1. Please give, to one decimal in nm, the separation of the simple spin-label points placed at residue 57 and residue 3, each 7 Å out from Cα toward the Cβ.
2. Residue separation times 0.36 nm, minus the C-alpha to C-alpha distance between residue 23 and residue 35: what's the value?
3. How many percent of all Cα-Cα pairs in the chain sit more than 15 Å apart?
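Every read-out reported here was derived from the displayed coordinates using simple, explicitly stated rules and does not represent laboratory data. Please read all numbers here as calculations on a predicted model, not as lab measurements. Reconstructed Cβ throughout: ideal geometry from the backbone, glycine too, with neighbour counts over all protein chains shown.
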């Protein structure tokens, strides 16, 4: 599923910013899209290596 075209439409930005009194807060929140489809796998590998490293140190 490619969400990028949806996020690039004006109605997303309008909906995101149309928050009434919260507008001033949300207008400064960046919206980023991760386009690397392996980013979750890379994050899982990084966490696994971190946990293994800690376990080895503790032994």
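1. Placing both labels 7 Å beyond Cα along the Cβ direction yields 3.3 nm.
2. Numbers: separation 12, 0.36 × 12 = 4.32 nm, distance 2.72 nm.
Contour length minus the Cα-Cα distance gives 1.6 nm.
3. On the way: 1157 of 1711 pairs.
Of the Cα pairs, 68 percent sit more than 15 Å apart.
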